[in-house]
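Below is one structure, written out as structure tokens; comments come after it.
The values are calculated or read from the model by the stated rules, or taken from the named source; none is laboratory data. On a predicted model such as this, the values are computed, not experimentally measured, just so you know. As a convention, Cβ positions derive from the backbone with ideal geometry for all residues, glycine included, and neighbour counts pool all protein chains shown.
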Amino acid sequence: MITFKSDKLEAEKSEIRLVEPPRRSQLWPWLFVLLVLLLTGFIRYRLLDMPLERDEGEYACSGQFIMAGIPPYQQVWNMKLPGTYLAYALGMAVFGQTVAGIHATLMVVNCLTIILVFLLGERLFGTIAGLAACATYGVLSASPAVLGLAAHATQFVVLFAVWGALRLWKTEEFYRWHAMFFSGLLFGLAFLMKQQAICFCVFAVAVVFWNAIQTGTIFKPVFIQKLFFLGVGMLLPFALLCVYLRQAGLWPKFWFWTFSYAHAYAAENTLHDAAHWFLYYAHRHWLVYFPFAGFVFVSLPFVTRDRALRSQIIFAATLLFCSAIGTSIDFYFRQHYFILALPALAILVGLAIVSLQFATENNIFKIVPPLVCILILGWSVYLQRDVFFKLSPDAAVQQIYPGESPFTEMPAVGSYIRNHSGAGASMAVIGSEPELYFYAQRPPATGYLYTYPFTEHQPFAAQMRAEMISEIETNRPEYMVFVNNPGSGPDTNLFNWFANYSKAHYTRVAVVEQIANDKTKFVADNSITNYHKMGPEYVGVFRRAN
């Protein structure tokens, strides 16, 4: 804990308590953490076979290329940095190249993050706060409100970001250059997972500046040393990646996708659009957040009077502010973006308990804040009980992604293509369903795993569409899959091209569509002749005829 001279004097005058250092000999806190891990682990284990969604499909496909020795951005590309691709490759190397293996990787990452949230909350505000924080994060990070059961890049970001924040706090207490470097390295790895993690790098720099101002060391060599080693640690992972991609001859492609196109994508929305997307998200999921946010809000008058914990409160508030910036960095407010803010929110829940307890003079009533937190956690679990404990993996996907995804149909399509083609046969997906390449275990005939960019109001759309069409016509994939679904990035120009091209060169051999929440209808080969699709949304499989 950082304690400045003015804080010490104020604490002595006002007889305000300070947070005692955690005692590692205590067993009961770790039993509680274990209970949280068992609960969240059970939820995730039950849904290990939940079908992949789009981002997971992209990461899995790219991870497989890395496992095969093919660098990122050589065969397929997208605007995300490749850290999560590497994490997927490592996870699949350990747990297997299966859907369950991917979700087992997520389970391990989530468990580690829960432990780190506990340690950070405990270090800042004491054991009770740490336990409340880890339980809050454990429940919210699995919530469908943040797509928490899918292995999104944000899950990997917060693992390194929380670890980095914990090391940063410890380093500011007892400065060592190598510890500051390691903290920066963790934040740099978080950035490698996804660009939005830049908000946590800003957080780290802000903390170092704030503490230097408070301690009067901002013009002293120690401050320069801290910034230097922190900055070197942050930049090192990205610098090594750049050197590697330049040596591999992939620098132009990497820079275009992760910076030029990513900038165009992020600049697409206006402030009005941002307000629309945020309110849309809040309207759908406010019940999940409101009890936690309300609990923190009620505690604010007591928190702001707690001068003994001023440094810790500023640290946690800065973490919340910067992570909130991360959720809104491109004005889209995607559901999984909010995972970035969950560690800070969870720690503030822990702070709320500590502050409310300290404001209560009667020892009997000190049990009330923890009980309220437990009730809120119970309510959150009850609210999401169907997904957590009842629904099958397929039904859970349909409830989490209602009416916008053919995720449950894709395993059958992939299996059909895998069983009816050789290992070297290529395929192409007309739509934004990269998980299909993972299921089929067949290489893509085009580097475009998504057709979303063609529908965006960005300057590269027409160029990208033409490039995808050219790649398909040149590579002549044995199979093409047409995804007629509004959630899969429908592009009228691409669809019109496909209608003409497939008529000339391909034969439809299979159709699959969802007919119930956990049931799909698959028709293939001879049965396809008399098949009449039941609805406007379906997936068609086409085999090259000439």
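So which residues in the stretch 184-235 are β-branched (Val, Ile, Thr) and touching a Phe, Trp or Tyr at 6+ places or on another chain (Cβ under 8 Å), if there are any at all?
Pass one, the stretch 184-235, residues β-branched (Val, Ile, Thr): 198, 202, 205, 207-208, 213, 215, 217-218, 222, 224, 232.
Correct list: Ile198, Val207, Val208, Thr215, Thr217, Ile218, Val222, Val232.
Condition first: over 20 Å from the mean Cα position of the chain (by Cα), part of a loop (DSSP other than H, G, I, E, B) and touching a residue at least 60 places away in the same chain (Cβ under 8 Å). Can you find one or more residues in the stretch 78-86 that meet it? Working first, answer last.
As a first pass, look at the stretch 78-86 and keep what is over 20 Å from the mean Cα position of the chain (by Cα): none.
Checked the stretch 78-86: no residue is over 20 Å from the mean Cα position of the chain (by Cα), part of a loop (DSSP other than H, G, I, E, B) and touching a residue at least 60 places away in the same chain (Cβ under 8 Å).
Identify the residue in the stretch 115-137 that is of a type in the set (Val, Ile, Thr) and surrounded by fewer than 24 Cβ atoms within 10 Å (Cβ to Cβ) and, among all such residues, is modelled with the highest pLDDT. Break it down into steps so the answer makes sense when it comes.
So the first thing to find is which residues in the stretch 115-137 are of a type in the set (Val, Ile, Thr), and the list is 115, 117, 127-128, 136.
The next check asks that each one be surrounded by fewer than 24 Cβ atoms within 10 Å (Cβ to Cβ); those that pass are 115, 127-128.
Numbers: Ile115: 98, Thr127: 95, Ile128: 95.
Here the residue is Ile115.
Looking at Val541, Val483, which one is within 25 Å of Gln441 (Cα to Cα), at pLDDT 90 or above and under 30 Å from the mean Cα position of the chain (by Cα)? Outline the logic, then answer.
On the way: Val541 fails: under 30 Å from the mean Cα position of the chain (by Cα).
Going through Val541, Val483 in turn, just one is within 25 Å of Gln441 (Cα to Cα), at pLDDT 90 or above and under 30 Å from the mean Cα position of the chain (by Cα): Val483.
Taking the condition of being within 22 Å of the chain's Cα centre (by Cα) and either modelled with pLDDT of 95 or more or under 19 Å from Ile102 (Cβ atoms) (or both), how many residues in the stretch 449-474 meet it? Reasoning before the result, please.
To start, the set of residues in the stretch 449-474 that are within 22 Å of the chain's Cα centre (by Cα) comprises 449-453.
Checking which are either modelled with pLDDT of 95 or more or under 19 Å from Ile102 (Cβ atoms) (or both) leaves us with 449-450.
Adding up the residues that qualify gives 2.
Just need a number here: residues in the stretch 489-515 that are assigned to a helix (DSSP H, G or I), touching a helix residue (DSSP H, G or I) at 6+ places or on another chain (Cβ under 8 Å) and either closer than 19 Å to Glu433 by Cα or not hydroxyl-bearing (Ser, Thr, Tyr) (or both).
Here is the first cut: in the stretch 489-515, the ones assigned to a helix (DSSP H, G or I) are 492-505.
Still in the running and touching a helix residue (DSSP H, G or I) at 6+ places or on another chain (Cβ under 8 Å): 493-494, 497, 501.
Then drop every residue that is not either closer than 19 Å to Glu433 by Cα or not hydroxyl-bearing (Ser, Thr, Tyr) (or both), which leaves 493-494, 497.
So the answer is 3.
Given the conditions (1) out of contact with any Asp or Glu (no Cβ under 9 Å at 6 or more places or on another chain); (2) more than 19 Å from Pro71 (Cβ to Cβ); (3) of a type in the set (Ser, Thr, Tyr), and given that Tyr261 satisfies all but one, which numbered condition is not satisfied?
(2)
Of the numbered conditions (1) in a helix (DSSP H, G or I); (2) modelled with pLDDT under 95; (3) within 25 Å of Gln441 (Cβ to Cβ), Gly57 fails exactly one; give the number of that condition.
Failed condition: (2).
How about the stretch 34-69: which of its residues are closer than 21 Å to Cys111 by Cα and among the small types (Gly, Ala, Ser)?
Scanning the stretch 34-69 gives Gly41, Ala60.
State which residue pairs qualify: first residue surrounded by fewer than 18 Cβ atoms within 10 Å (Cβ to Cβ) and inside the stretch 393-415, second residue at pLDDT 90 or above and part of a helix (DSSP H, G or I) in any location, beta carbons under 7 Å apart, and separation of 6 or more residues or different chains.
Pairs that qualify, where the first residue is surrounded by fewer than 18 Cβ atoms within 10 Å (Cβ to Cβ) and the partner is at pLDDT 90 or above and part of a helix (DSSP H, G or I), are Gln399/Asp386; Gln399/Val387; Ser415/Tyr439.
Of the residues that make up the stretch 63-70, is at least one in contact (Cβ under 8 Å) with a residue 24 or more places away in the chain, assigned to a helix (DSSP H, G or I), in the same structural domain as Ala266 (by TED's automatic domain parsing) and surrounded by fewer than 24 Cβ atoms within 10 Å (Cβ to Cβ)? So that I can check it myself, show each step before the final result.
Applying the first criterion (in contact (Cβ under 8 Å) with a residue 24 or more places away in the chain) to the stretch 63-70 yields 63-64, 67.
Next, only the ones that are assigned to a helix (DSSP H, G or I) stay: 63-64, 67.
Add one more test, that the residue is in the same structural domain as Ala266 (by TED's automatic domain parsing), and what stays is 63-64, 67.
Then drop every residue that is not surrounded by fewer than 24 Cβ atoms within 10 Å (Cβ to Cβ), which leaves 64, 67.
Looking for residues that are in contact (Cβ under 8 Å) with a residue 24 or more places away in the chain, assigned to a helix (DSSP H, G or I), in the same structural domain as Ala266 (by TED's automatic domain parsing) and surrounded by fewer than 24 Cβ atoms within 10 Å (Cβ to Cβ), one finds at least one in the stretch 63-70, hence yes.
Could you tell me whether Leu37 is of a type outside the set (Gly, Ala, Ser), within 26 Å of Phe389 (Cβ to Cβ) and in a helix (DSSP H, G or I)?
Numbers: of a type outside the set (Gly, Ala, Ser): yes; within 26 Å of Phe389 (Cβ to Cβ): yes; in a helix (DSSP H, G or I): yes.
Spelling it out, Leu37 is indeed of a type outside the set (Gly, Ala, Ser), within 26 Å of Phe389 (Cβ to Cβ) and in a helix (DSSP H, G or I).
Would a scan of the stretch 89-96 turn up a residue that is over 17 Å from Tyr437 (Cβ atoms), over 15 Å from the mean Cα position of the chain (by Cα) and surrounded by 19 or more Cβ atoms within 10 Å (Cβ to Cβ)?
Looking for residues that are over 17 Å from Tyr437 (Cβ atoms), over 15 Å from the mean Cα position of the chain (by Cα) and surrounded by 19 or more Cβ atoms within 10 Å (Cβ to Cβ), one finds at least one in the stretch 89-96, hence yes.
For the stretch 192-250, give me each residue that is under 12 Å from Met180 (Cβ atoms), more than 28 Å from the chain's Cα centre (by Cα) and β-branched (Val, Ile, Thr).
Those that are under 12 Å from Met180 (Cβ atoms), more than 28 Å from the chain's Cα centre (by Cα) and β-branched (Val, Ile, Thr): Val222, Ile224.
For Tyr337, are the conditions met, namely being part of a helix (DSSP H, G or I) and either aliphatic (A, V, I, L, M) or under 20 Å from Val157 (Cβ atoms) (or both)? Please lay out each step first, then the result.
Working: part of a helix (DSSP H, G or I): yes; either aliphatic (A, V, I, L, M) or under 20 Å from Val157 (Cβ atoms) (or both): yes.
Spelling it out, Tyr337 is indeed part of a helix (DSSP H, G or I) and either aliphatic (A, V, I, L, M) or under 20 Å from Val157 (Cβ atoms) (or both).
Would you confirm whether or not the stretch 467-487 contains a residue that is surrounded by fewer than 18 Cβ atoms within 10 Å (Cβ to Cβ), within 22 Å of Ala60 (Cα to Cα) and of a type in the set (S, T, N, Q)?
No, the stretch 467-487 has no match at all.
Identify, from the list Gln247, Gln196, Gln225, the residue that is modelled with pLDDT of 90 or more and closer than 19 Å to Ala344 by Cα. Quick ask: steps written out before the conclusion?
Numbers: Gln247 fails: closer than 19 Å to Ala344 by Cα; Gln225 fails: closer than 19 Å to Ala344 by Cα.
None of the others qualify; the one that does is Gln196.
What is the one condition in (1) more than 18 Å from Ile417 (Cβ to Cβ); (2) touching a Ser or Thr at 6+ places or on another chain (Cβ under 8 Å) that Val512 does not satisfy?
Going through (1) more than 18 Å from Ile417 (Cβ to Cβ); (2) touching a Ser or Thr at 6+ places or on another chain (Cβ under 8 Å) one by one, Val512 breaks only (1).
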